[in-house]
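The values are calculated or read from the model by the stated rules, or taken from the named source; none is laboratory data. Because the structure is predicted, anything quoted here is derived from the model rather than measured. As a convention, Cβ positions derive from the backbone with ideal geometry for all residues, glycine included, and neighbour counts pool all protein chains shown. To get the accessible areas, we keep the full protein, side chains included, count just its heavy atoms, and leave off ligands, DNA and RNA. Shrake-Rupley method; radii C 1.70, N 1.55, O 1.52, S 1.80 Å.
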Amino acid sequence: MYNKRKIVNDPVHGFISIPSELHYDLIQHPYFQRLGRIKQLGMSYLVYPGAQHTRFQHSLGAMYLMEEAIAQLRSRGNVITDEEADAVLAAILLHDIGHAPFSHVLENTLTQEISHEEISLLMMEQINKEMGGALDMAIQIYQNLYPKRFLHQLVSSQLDMDRLDYLIRDSFFTGVVEGAVGAARIIKMLNVHDDQLVVEAKGVYSIEKFLIARRMMYWQVYYHKTSVSAEQVLIKTLARAKELTSKGTDLFAAPQFAYFLKNNITKEDFLHSDEPLANYAKFDDSDIISAVKTWSSCDDKVLSTLCRNLMNRKLFKIEVREKRPMGSEVKEIVHHVADRLGLTESEAKYFVTIHPVSSYTYRPKNDSIKVLYGDGELKDITDSSDLLNLSLISKHEKKYYFGYVKENDLF
């Protein structure tokens with residue numbers, strides 16, 4: 001037991017202690033160790049070179065913040081048993097365990113109709129079998145089935161420990177200071193009222209900063225047009241590789257990667273066979289990168305060009321539009337690419353993309369952030385704030401990223 005009480009030196013939070021033997025064993029599990037080989041921000045390192053951090057680091061950071069939140073809520077007289085504390089710490093530790101390589105980039109690219117949250121649950125259930133039911137309560141909390149619903153809100157809500165850590169961490173590693181938030185201050189303002197996670201009134205300004213920082217990070221980092229461009233080139237690359245494989249072309253790929261190239265894996269496959277999860281659990285960023293490097297010299301002109309451009313950072317030109325581009329615009333570019341590269345128009349479509357991007361910084365009707373006043377009154381944060389543009393943050397923002405290969409990259 002003593003040898004499992006490790007301390008991790010985290011560049012964001014400082015020293016993080018592993019809370020118990022259970023959490024040490026979870027961290028040591030191959031499913032969790034895989035997260036150290038998956039970049040937190042996908043292809044964003046091509047824009048922000050420091051963004052090399054991983055899902056492993058983020059998950060440890062979220063666990064640290066969860067411990068701080070538990071201590072704070074207990075200090076306010078809220079009852080959280082040791083068993084519940086261990087369970088909610090396990091839930092936040094494993095919340096991202098089902099991410100695909102390069103995080104959100106490849107979700108629904110090599111698998112269909114299943115989210116990373118659903119795969120996370122399948123992995124948690126598998127670990128739970130191996131550990132003889134040690135994660136029963138953690139899984140209930142993760143699924144929002146545990147009677148104390150505020151514990152689930154700490155794991156997944158509009159003010160959860162996941163969001164707090166990724167904003168701080170992504171801001172730190174990208175150098176985008178606008179994303180920095182005062183997590184310690186926010187956690188100090190947390191309380192529970194009628195089984196609901198709330199923020200005390202004197203924490204309103206910290207929540208305002210949190211919401212504004214989140215909006216800034218989405219449009220400045222997560223939806224940065226060059227990051228989106230790189231992601232779209234990678235998605236197009238894998239789509240082409242999958243098409244070629246389906247037609248009998250034998251492409252280099254690690255066995256676990258080849259499994260997803262050769263098969264159309266859906267949610268039903270995950271639910272009715274152990275094979276998809278077994279391969280998924282071995283699949284990480286390195287499999288993608290090694291394949292892309294090899295494919296850059298393959299015989300297929302579409303695939304080799306996409307791969308060379310990706311490896312050499314020759315990305316799509318991106319135009320951010322308020323409305324979807326006209327079909328005639330797309331057709332003109334496709335025709336030009338086909339003519340320059342000697343491709344069919346069907347093949348040339350791999351060099352053009354329309355990617356709709358939408359964001360809700362805050363959704364008042366969806367698990368809203370409640371502010372608790374001294375007289376017991378509860379108000380939504382948008383009604384509590386005197387920041388004039390806070391109501392605008394709750395609006396749905398949608399843009400179209402129209403991307404196409406640059407003229408100089410058509411060689």
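A few remarks follow.
- Flag for Leu154 being within 18 Å of the chain's Cα centre (by Cα), surrounded by fewer than 22 Cβ atoms within 10 Å (Cβ to Cβ) and assigned to a helix (DSSP H, G or I): no
- Some residue of region 268-284 being open to solvent by 20 Å² or more (accessible area, probe 1.4 Å) and closer than 23 Å to Leu315 by Cβ: no
- Residue within region 344-364 that is over 25 Å from Leu46 (Cβ atoms), open to solvent by 80 Å² or more (accessible area, probe 1.4 Å) and part of a loop (DSSP other than H, G, I, E, B) present: yes
- Among the residues listed as Leu303, Leu310, the single one being surrounded by 15 or more Cβ atoms within 10 Å (Cβ to Cβ) and under 25 Å from the mean Cα position of the chain (by Cα): Leu310
- Of the residues making up region 310-319, those that are outside any strand (DSSP E or B), in contact with a strand residue (DSSP E or B) (Cβ under 9 Å, 6 or more places away or on another chain) and aliphatic (A, V, I, L, M) number 1.
Residue-wise test of (1) touching a strand residue (DSSP E or B) at 6+ places or on another chain (Cβ under 9 Å); (2) not in a helix (DSSP H, G or I).
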position: Val181; (1), (2): no, yes
position: Ala184; (1), (2): no, no
position: Tyr205; (1), (2): no, no
position: Ile212; (1), (2): no, no
position: Ser227; (1), (2): no, no
position: Val233; (1), (2): yes, no
position: Thr237; (1), (2): no, no
position: Ala241; (1), (2): no, no
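- Search result, residues across region 28-45 that are in a helix (DSSP H, G or I) and not charged (D, E, K, R): Gln28, Pro30, Tyr31, Phe32, Gln33, Leu35, Gly36, Ser44, Tyr45
- Residue satisfying all of: in region 223-261; open to solvent by 40 Å² or more (accessible area, probe 1.4 Å) and among the aromatic types (Phe, Trp, Tyr); nearest to Asn279 (Cα to Cα) among these: Phe252
- All told, Tyr142 falls short of being touching a strand residue (DSSP E or B) at 6+ places or on another chain (Cβ under 6 Å) and aromatic (Phe, Trp, Tyr).
- Region 320-338 - residue that is part of a helix (DSSP H, G or I) and aliphatic (A, V, I, L, M) and, of those, farthest from Val352 (Cα to Cα): Ala338
- Condition check for Asp25: open to solvent by 30 Å² or more (accessible area, probe 1.4 Å), farther than 27 Å from Asn309 by Cα, in contact with a Ser or Thr (Cβ under 7 Å, 6 or more places away or on another chain) and not in a loop (DSSP other than H, G, I, E, B): no
- Tally of residues being part of a loop (DSSP other than H, G, I, E, B) and either open to solvent by 20 Å² or more (accessible area, probe 1.4 Å) or without any contact (Cβ under 8 Å) to a residue 24 or more places away in the chain (or both) across region 97-133: 8
- Just one of (1) within 30 Å of Ala51 (Cα to Cα); (2) assigned to a helix (DSSP H, G or I); (3) of a type outside the set (Asp, Glu) fails for Ile139. It is (1).
- Scanning region 370-400 for residues that are modelled with pLDDT of 90 or more and closer than 30 Å to Ser229 by Cβ, we see that the one that is most open to solvent (accessible area, probe 1.4 Å) is Lys398.
- Within region 63-87, if we keep just the residues that are in contact with a Lys or Arg (Cβ under 9 Å, 6 or more places away or on another chain), assigned to a helix (DSSP H, G or I) and of a type outside the set (D, E, K, R), the residue that is surrounded by the most Cβ atoms within 10 Å (Cβ to Cβ) turns out to be Ala85.
- Qualifying residue in region 1-9 (condition: buried (at least 18 other Cβ atoms within 10 Å of the Cβ), farther than 20 Å from Ile127 by Cα, among the hydroxyl-bearing types (Ser, Thr, Tyr) and without any contact (Cβ under 8 Å) to a residue 40 or more places away in the chain): no
- Exclusive hit being in contact (Cβ under 8 Å) with a residue 12 or more places away in the chain and touching a strand residue (DSSP E or B) at 6+ places or on another chain (Cβ under 6 Å), set Val302, Val352: Val352
- Scanning region 195-209 for residues that are of a type outside the set (Gly, Ala, Ser) and either free of Cβ contacts under 8 Å to residues at least 40 places away in the same chain or more than 14 Å from Lys370 (Cβ to Cβ) (or both) yields Lys202, Tyr205, Glu208, Lys209.
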